[in-house]
Structure formats: C-alpha cells, structure tokens
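Here, each number is a calculation from the coordinates, and none is a lab measurement. Since the structure is predicted, the reported quantities are computational estimates derived from the model, not experimental observations. Heads up, the Cβs are rebuilt from the backbone with ideal geometry, glycines too, and the neighbour counts pull from every protein chain shown.
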C-alpha cells in the first residue's frame with residue numbers, strides 16, 4: 001500500500017478524502033482521522049507556511065511509509081497545506097485505515113506527532129498589531145515524536 005501525500009495551498013474536503021480512501025473497500029474496520037486547524041493564539045491574524053517543493057513531499061512520504069511499515073494499514077492519506085492561512089483554517093489532514101481500530105488510531109497519532117517535527121515547513125506568524133515572528137520548534141513536540149522511537 002502506497003500512502004497518498006499531498007502538499008497544497010488549496011483547502012481539502014474531509015468527506016471527499018474519506019470517500020476516496022474507502023472507495024470499493026470492505027476490508028476496513030477502522031478509519032482514524034485528524035484535522036489540524038490554525039489557532040488564534042495571542043491575537044494571531046495569519047500563519048504562513050513555506051516549504052521546498054519536492055523535499056517536503058519526500059519527507060512526509062517517508063514518515064507515512066514508516067507508519068505503513070509499523071501498522072497493518074490498508075489506506076493512508078496525508079494532506080498538508082502551505083501558504084497564508086487565517087485562524088480556523090484547516091492546515092493538515094491525516095487519514096489512516098486498517099482492518100482494526102487500534103492500528104488506525106496509533107498510526108494516525110504517530111503521523112501527526114512526526115509531522116510536527118519531521119516535515120520541513122517554515123512557519124511565520126502574523127499578528128493583528130503588525131508583529132511577525134518565525135515559529136520555533138517546541139520541546140513538547142519533540143517529546144511527543146520521541147515516544148514512538150523504537
């Protein structure tokens with residue numbers, strides 16, 4: 001099974017992505033999903049994500065391939081948005097399908113934890129008062145990813 005990985009500026013449609021992943025499948029007993037949204041912390045006006053096309057997709061595909069190797073997934077979709085996103089905008093979608101719920105749930109959690117630390121995005125916050133700042137890596141995100149270390 002090859003995971004579907006997309007990096008795009010356009011919004012995604014959760015229902016359409018779930019339908020596409022499950023089309024013609026009767027072997028799926030569990031479908032886990034995660035949708036990350038831009039939070040309006042500290043008066044945030046927008047979050048801009050930059051990336052290097054090709055490099056980012058390869059990095060995410062590697063993370064998704066590892067999830068597929070660790071859990072018996074029958075389907076996997078990862079969509080990450082780039083560009084300028086306002087608070088409340090969906091920023092990331094992870095879907096994992098498996099014959100059993102535990103594999104789907106664990107793989108989904110693994111993917112989102114590793115996307116936070118292993119996907120090469122540069123994030124800049126813009127605030128209502130005109131300030132801007134680059135988002136720094138967080139120790140809590142690193143710790144979440146490390147819980148999956150073998």
Next on the checklist: Please list, ordered by residue number, the strands (runs of 3 or more DSSP E) wholly in region 15-113 having 2 or more residues that are under 18 Å from residue 134 (Cβ atoms) and more than 13 Å from the chain's Cα centre (by Cα).
Outcome noted: 44-50, 83-85
Checklist outcome for this item: Scanning region 85-104 residue by residue, those crowded, with 16+ Cβ neighbours inside 10 Å and within 29 Å of residue 23 (Cα to Cα) turn out to be 90, 91, 92, 93, 94, 95, 96, 97, 98, 103, 104
Checklist entry - If only one of 55, 18 is in contact (Cβ under 8 Å) with a residue 60 or more places away in the chain and in contact with a strand residue (DSSP E or B) (Cβ under 9 Å, 6 or more places away or on another chain), which one is it? => result 18
Item to check | Test: residue in region 120-132 that is under 17 Å from residue 63 (Cβ atoms) and in contact (Cβ under 8 Å) with a residue 24 or more places away in the chain | outcome: yes
Checklist outcome for this item: residue 6 passes all but one of the listed conditions (1) on the phi > 0 side of the Ramachandran plot; (2) in a strand (DSSP E or B); the exception is number (1)
Next on the checklist: Tell me yes or no: at least one residue of region 118-137 is in a helix (DSSP H, G or I) and within 15 Å of residue 35 (Cα to Cα).
Outcome noted: no
Checklist entry - When you scan region 132-150, how many residues do you find that are in contact with a strand residue (DSSP E or B) (Cβ under 9 Å, 6 or more places away or on another chain) and surrounded by 12 or more Cβ atoms within 10 Å (Cβ to Cβ)? => result 1
